[in-house]
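Working notes, structure below.
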Amino acid sequence: MNAARPRADYAEVARLLPSLVPDLHAHLPGPHRAPALSGLVDAYTAARVAAKALAGPDLAQVASRHISDAAAALSGPEWEGLAAWSRVQAIAQASRSRAYAVATRTATEIGGCLDQGPVAQVYGSLHLTASLAAMALGRPDTAQDHVAEAAEVAARAGVVGPGHGRLWFGTAQVDIWRTTLAVEQGEPARAVEIARGIDPSAMPESPSRQSSWWTDVGRALAMQRRSEDAVRAFMRAESLAPQRLRSDVFAREVTADLLRRARREAGGRELRGLAFRMGMAA
């Protein structure tokens with residue numbers, strides 16, 4: 001599971017979960033209760049990500065409730081915050097306003113414990129998710145305020161590596177989110193400019209996160225009508241985490257639009273190959 005989740009290998013996650021979850025539950029009554037609960041948080045997080053990508057928000061919300069149960073048993077603000085962050089990821093697609101409310105409320109509740117590294121990582125991650133929700137709600141100034149808060153915490157925390165809950169919170173993650181926000185705001189030129197200063201390989205153990213960033217770069221390039229560059233960015237994302245890119249709703253929408261454009265312009269062999277691997281008629 002530790003290898004499948006960072007690669008967004010949803011098929012492997014689905015293969016492992018039916019045996020892994022019962023095994024972890026079997027260890028709850030014994031002396032290894034805390035590691036088993038932590039393992040359940042990881043397992044259900046992998047399930048939430050896969051469910052959201054493949055089956056929609058309903059199953060993702062079921063997984064997030066299991067995460068909340070395990071996190072509550074572990075107790076502590078770092079687990080409370082991680083459970084809330086996971087819930088935000090599960091509900092954001094259905095309700096940006098609810099996602100924003102959960103993220104900001106929880107960040108306020110745990111904000112007095114930022115001297116604890118794991119809490120600071122979750123706190124900063126909640127502000128990043130709040131920024132995206134605010135941008136989607138048409139509140140760009142509020143979104144930038146949340147990014148600024150996350151950036152300040154990241155600069156102090158100095159986290160390198162996956163960190164608590166494999167959130168990968170740090171300055172590299174904040175920069176990646178700035179790219180996403182520029183895309184969501186409809187500012188592709190700014191997104192591409194920000195992207196030029198980012199090295200996604202700063203998170204070498206998370207090809208899924210790198211793939212997500214390349215997907216946003218591709219979206220920005222497509223908005224600039226730089227079709228070939230957009231396809232190359234998507235193919236880079238695909239090479240890092242194939243299942244993630246091929247199931248990404250935004251990547252699929254952009255690819256469909258690029259495909260229609262290519263048909264009119266009679267070109268795009270690489271694009272047609274990408275569309276084929278996404279299950280689209282090329």
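The values are calculated or read from the model by the stated rules, or taken from the named source; none is laboratory data. Computed from a prediction, not measured in an experiment: that's the story for all the values here. Counting neighbours? That spans all protein chains shown, and the Cβs are built from the backbone with ideal geometry, glycine included.
Listed by position, the helices (runs of 4 or more DSSP H) inside the range 214-282 whose residues that are charged (D, E, K, R), within 22 Å of Gln93 (Cα to Cα) and not assigned by TED's automatic domain parsing to the domain that holds Ala55 number at least 3 are 249-265. Inspection of the range 181-195 identifies at least one residue that is outside any helix (DSSP H, G or I), modelled with pLDDT of 95 or more, out of contact with any helix residue (DSSP H, G or I) (no Cβ under 8 Å at 6 or more places or on another chain) and over 20 Å from Ala99 (Cβ atoms).
In the range 1-16, how many are of a type outside the set (S, T, N, Q), in contact with a helix residue (DSSP H, G or I) (Cβ under 9 Å, 6 or more places away or on another chain) and loosely packed, with under 15 Cβ neighbours inside 10 Å? Qualifying residue count, the range 1-16: 2.
When Ala94 is tested against the conditions (1) in contact with a helix residue (DSSP H, G or I) (Cβ under 6 Å, 6 or more places away or on another chain); (2) at pLDDT below 95; (3) part of a helix (DSSP H, G or I), the lone failure is (3).
The residues of the range 128-144 that are in contact with a helix residue (DSSP H, G or I) (Cβ under 8 Å, 6 or more places away or on another chain) and more than 15 Å from Arg96 (Cβ to Cβ) amount to a single one, Gln144. Of the numbered criteria (1) under 20 Å from the mean Cα position of the chain (by Cα); (2) outside any loop (DSSP other than H, G, I, E, B), the one Trp168 fails is (2).
When Trp177 is tested against (1) in a helix (DSSP H, G or I); (2) farther than 20 Å from Ala150 by Cα; (3) within 19 Å of the chain's Cα centre (by Cα), just one condition goes unmet, and that condition is (2). Answer with yes or no whether Ala189 is closer than 24 Å to Pro242 by Cβ, among the hydrophobic types (A, V, I, L, M, F, W, C) and touching a residue at least 12 places away in the same chain (Cβ under 8 Å). Answer is no for this residue. Of the residues in the range 124-131, not one is farther than 25 Å from Ala43 by Cβ, crowded, with 23+ Cβ neighbours inside 10 Å and β-branched (Val, Ile, Thr).
The residues listed here are Ala43, Ala73, Ala26; of these, the one that is crowded, with 19+ Cβ neighbours inside 10 Å, out of contact with any Ser or Thr (no Cβ under 9 Å at 6 or more places or on another chain), on the phi < 0 side of the Ramachandran plot and modelled with pLDDT of 95 or more is Ala43. Within the range 75-83, is there a residue that is touching a Gly at 6+ places or on another chain (Cβ under 7 Å) and more than 23 Å from Pro57 (Cα to Cα)? So far as the range 75-83 goes, no, none of its residues is touching a Gly at 6+ places or on another chain (Cβ under 7 Å) and more than 23 Å from Pro57 (Cα to Cα).
The one condition from (1) surrounded by fewer than 20 Cβ atoms within 10 Å (Cβ to Cβ); (2) within 25 Å of Ala46 (Cα to Cα); (3) not basic (Lys, Arg) that Gln224 does not meet is (2). Exactly one residue among Ala103, Ala148 is within 25 Å of Gly39 (Cα to Cα) and assigned to a helix (DSSP H, G or I), and that residue is Ala103. Residues in the range 140-177 that are of a type in the set (Lys, Arg) and surrounded by 21 or more Cβ atoms within 10 Å (Cβ to Cβ): 0 in all.
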